[in-house]
Each structure stands twice: as C-alpha cells, then as structure tokens.
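Chemist: One structure, as structure tokens, below. Some questions next.
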Amino acid sequence: MMLGLLGLRTNSIISINVQDMDVVAGLAWVKEKGNIKRIIVLPKVLCAVLKPYLERIEQQRGPLFLSKHGKRISPRTLQDIFRNAADSIGIDKHLHAHLFRHTAATHLNKVAGTSITQHVLGHASRKNTMKYVHLNPDHYAVYMRKHPFMTI
C-alpha cells in the first residue's frame, strides 16, 4: 500500500522506523535519496492499516518492517515478496515494486497536477517527475473521441 499510494522508493520504505510514523496525525518522516528526510502525509486508509500493525509489533523504536529474524527487511526480501505475490495470482514476472511508483505518480498527477506529484515523489527536478507521470487516461479518452480518424 505504501508503494502504490505514496510512490515511495523501496529503499525509503525499508529505511522507515517505527518512530518515524505518526498514524494519529497521518504523517511519516521518510529518508530519500541523498539522505534527505522529508515529511509525507499518509492517507487515512494507510493509517487504518498501520495502526493495528504498530500495536501488534509493540515497538517504540527501530525498523518498521521486520524480517523473520526480527531485523530490518532487505531489498532482496522485498523482491521476494513481490515475486511470491505475482506467482500466487498468476502474473508473469513483470510485477515489481517500481511499477507501484509509476502507478502512484500517474494517479496523483491526475488529481493534483505535476507540481504536487513532484513534491510527493521527492524529485528536485520536474524533468524526473515527467518520466513517471503518464498520460492521464481521461484526457486520452477525450482526445481519441476528437481524433479525425475515429469517425471513419
């Protein structure tokens, strides 16, 4: 959910600590590329899922997501989670965590625009954001209805 709703990089998710989360206020402090820390707003649905999780792990500090051995999950573990999920639902090997970043950017751009999307993705350059922001499907449908060859 964090990947798809927030568009975070996998390394950002892996590096989140329990003390970085405030599900009551709906905020999280994440570490991005270049060791830059920033505050992000958490959607209510994500807070609703994280609150019981945080209560269950009963930790005040340390990694948010733990491996079977009680340590911070690794990038490899996250890859395995995606591979197992893809296998269990019969999706070819094209499911990977970075697709969720593109999906989040596309949906966010649709409702908030490129500037907000750039901020949420943590990009310093608008050019980088444009690589993630795909054509809005609603705009595409309007264009296709107006396309001269669509009436032939």
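Chemist: Let a ≥ b ≥ c be the square roots of the eigenvalues of the Cα gyration tensor of the chain; is it rounded (a/c under 1.5), or, if not, prolate (a/b larger than b/c) or oblate? Provide the component values of the computation, followed by the final result.
Modeler: Details: a/c = 2.25, a/b = 1.68, b/c = 1.34.
Taking the square roots of the gyration eigenvalues as a ≥ b ≥ c, the chain is prolate.
Chemist: Could you calculate the contour length gain from Asp80 to Lys110, that is, 0.36 nm times the residue separation minus the distance between their Cα atoms, to one decimal place in nm?
Modeler: 7.7 nm
Chemist: Per DSSP helix of 4 or more residues, -39500 (n - 2.57); summed, then divided by the residues of the chain. What does that give at 222 nm, rounded to the nearest 500? Present the calculation step by step, with values, prior to reporting the outcome.
Modeler: Working: 8 runs with 81 residues, N = 152.
That calculation yields -15500 deg cm²/dmol at 222 nm.
Chemist: Would you mind telling me which residue in Pro52, Pro43, Pro75 has the biggest mean-square fluctuation in a Gaussian network model of the chain, where springs connect alpha carbons within a distance under 10 angstrom?
Modeler: Pro52
Chemist: Next question. Which entries in Lys71/Lys110; Lys44/Lys131; Lys31/Lys110; Lys51/Lys127 show an alpha-carbon gap greater than 30 Å?
Modeler: On the way: Lys71/Lys110 38 Å; Lys44/Lys131 28 Å; Lys31/Lys110 25 Å; Lys51/Lys127 36 Å.
Result: Lys71/Lys110; Lys51/Lys127 exceed 30 Å.
Chemist: How much FRET efficiency would the formula 1/(1 + (r/R0)^6) give for Lys71 and Ala48, where r is the Cβ-Cβ distance and R0 is 30 Å, rounded to 0.05? List each step's numbers first, then the result.
Modeler: Working: r = 27 Å, r/R0 = 0.89.
E(calc), rounded to 0.05, equals 0.65.
Read the figures in this text as sums done on the coordinates, not as results from a lab. Quick caveat: nothing in here was measured; it's all calculated off a predicted structure. Backbone-built Cβ (ideal geometry, glycine too); neighbour counts: all protein chains shown.
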